[in-house]
1. Before we move on, is ASP86 of a type in the set (Asp, Glu) and surrounded by 12 or more Cβ atoms within 10 Å (Cβ to Cβ)?
2. Consider only pairs whose beta carbons are under 7 Å apart and that are at least six residues apart or on different chains; among these, list those whose first residue lies in the stretch 125-144 and is in contact (Cβ under 8 Å) with a residue 12 or more places away in the chain and hydrophobic (A, V, I, L, M, F, W, C) and whose second residue is part of a loop (DSSP other than H, G, I, E, B) and surrounded by fewer than 19 Cβ atoms within 10 Å (Cβ to Cβ).
3. Take PRO3 and tell me if it is in contact with a strand residue (DSSP E or B) (Cβ under 8 Å, 6 or more places away or on another chain), at pLDDT below 95 and within 19 Å of ARG140 (Cβ to Cβ).
4. Looking at the stretch 41-54, can you tell me whether even one residue there is touching a His at 6+ places or on another chain (Cβ under 9 Å) and more than 22 Å from MET153 (Cα to Cα)?
5. For ARG72, state whether it is more than 12 Å from the chain's Cα centre (by Cα), exposed (fewer than 14 other Cβ atoms within 10 Å of the Cβ) and not assigned by TED's automatic domain parsing to the domain that holds MET153.
6. Residues in the stretch 49-57: is at least one touching a Pro at 6+ places or on another chain (Cβ under 9 Å), at pLDDT below 95 and at negative phi?
7. Any residue in the stretch 37-52 that is in contact (Cβ under 8 Å) with a residue 60 or more places away in the chain, under 15 Å from LEU148 (Cα atoms) and under 13 Å from the mean Cα position of the chain (by Cα)?
8. Which residues, taken from the stretch 89-107, are surrounded by fewer than 17 Cβ atoms within 10 Å (Cβ to Cβ) and either closer than 17 Å to ALA23 by Cα or free of Cβ contacts under 8 Å to residues at least 40 places away in the same chain (or both)?
Amino acid sequence: MGPALVTPHVLTVDAGIKDLRAADHLLHALAAELALPEGAFGCTHLVRGDRPRVALSLTLPSQPLLRTAQERLTGQGYEVTGGAPDAAGRAVVYPGVSSLTGTLTIAELLTRSAIDRVTVLGATDQPAPDARLMTQNHVRPQWNDGQLVLTAMPAAGGVLVPFEVPNPTPCCADHSTTQH
């Protein structure tokens, strides 16, 4: 379990958002509006069921910050509940995220941020500490068994890139409807 489930200073915000991009934008806006401290985490969680959506969780370093955030968010009309929706949140706001720009070594990424480890799709071993990761200024690790894990994939030029790209092409965007 990640900090979002271990600490009692967690709340879930349900804004009825349907996509990750909008959820990311809202998390950044809320982090700025609430002046979240460096130790805070903001994650997205896919909620399935009758009303599929993306919920947000905020993990705050103290009970007073949690109460203040809950009061302000509830006052703005958001549905706010205690705890996290699940243990597999996708971190958008986390310690060190602002320093993950450009191309970094894996060692730099791990030293600068709350990310615990990096895995590479299709590889059995973890990447070498001196392996380079081109961040594309979009690093979205996920909680996995209590660790914040970034999944990366090989890219041209011998570098790695985060598996999640900043501006994904929607499915079927390049498919033609013309039959040949």
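1. On the way: of a type in the set (Asp, Glu): yes; surrounded by 12 or more Cβ atoms within 10 Å (Cβ to Cβ): yes.
Judged against the criteria, ASP86 is a match.
2. That search, which allows pairs on different chains as well, returns LEU133/VAL159; MET134/ALA155; MET134/VAL159; TRP143/ALA87; TRP143/ALA88.
3. On the way: in contact with a strand residue (DSSP E or B) (Cβ under 8 Å, 6 or more places away or on another chain): yes; at pLDDT below 95: yes; within 19 Å of ARG140 (Cβ to Cβ): yes.
Yes, satisfied.
4. First, the residues of the stretch 41-54 that are touching a His at 6+ places or on another chain (Cβ under 9 Å): 42, 54.
Applying the additional criterion that residues be more than 22 Å from MET153 (Cα to Cα) yields 42, 54.
For the stretch 41-54, residues touching a His at 6+ places or on another chain (Cβ under 9 Å) and more than 22 Å from MET153 (Cα to Cα): present.
5. Numbers: more than 12 Å from the chain's Cα centre (by Cα): yes; exposed (fewer than 14 other Cβ atoms within 10 Å of the Cβ): no; not assigned by TED's automatic domain parsing to the domain that holds MET153: yes.
Judged against the criteria, ARG72 is not a match.
6. No, because not a single residue in the stretch 49-57 is touching a Pro at 6+ places or on another chain (Cβ under 9 Å), at pLDDT below 95 and at negative phi.
7. Here is the first cut: in the stretch 37-52, the ones in contact (Cβ under 8 Å) with a residue 60 or more places away in the chain are 41, 43.
Subsequent filtering for residues that are under 15 Å from LEU148 (Cα atoms) retains 41, 43.
Within this subset, residues satisfying the condition of being under 13 Å from the mean Cα position of the chain (by Cα) are 41, 43.
Scanning the stretch 37-52, I find at least one residue that is in contact (Cβ under 8 Å) with a residue 60 or more places away in the chain, under 15 Å from LEU148 (Cα atoms) and under 13 Å from the mean Cα position of the chain (by Cα), so the answer is yes.
8. Applying the first criterion (surrounded by fewer than 17 Cβ atoms within 10 Å (Cβ to Cβ)) to the stretch 89-107 yields 96, 98-99, 101-103, 105, 107.
Once the filter is applied, which keeps residues that are surrounded by fewer than 17 Cβ atoms within 10 Å (Cβ to Cβ) and either closer than 17 Å to ALA23 by Cα or free of Cβ contacts under 8 Å to residues at least 40 places away in the same chain (or both), the stretch 89-107 yields GLY96, SER98, SER99, THR101, GLY102, THR105, ALA107.
The values are calculated or read from the model by the stated rules, or taken from the named source; none is laboratory data. Computed from a predicted structure; not experimentally measured. Glycine also receives a Cβ, built like all others from the backbone with ideal geometry; neighbour counts cover every protein chain displayed.
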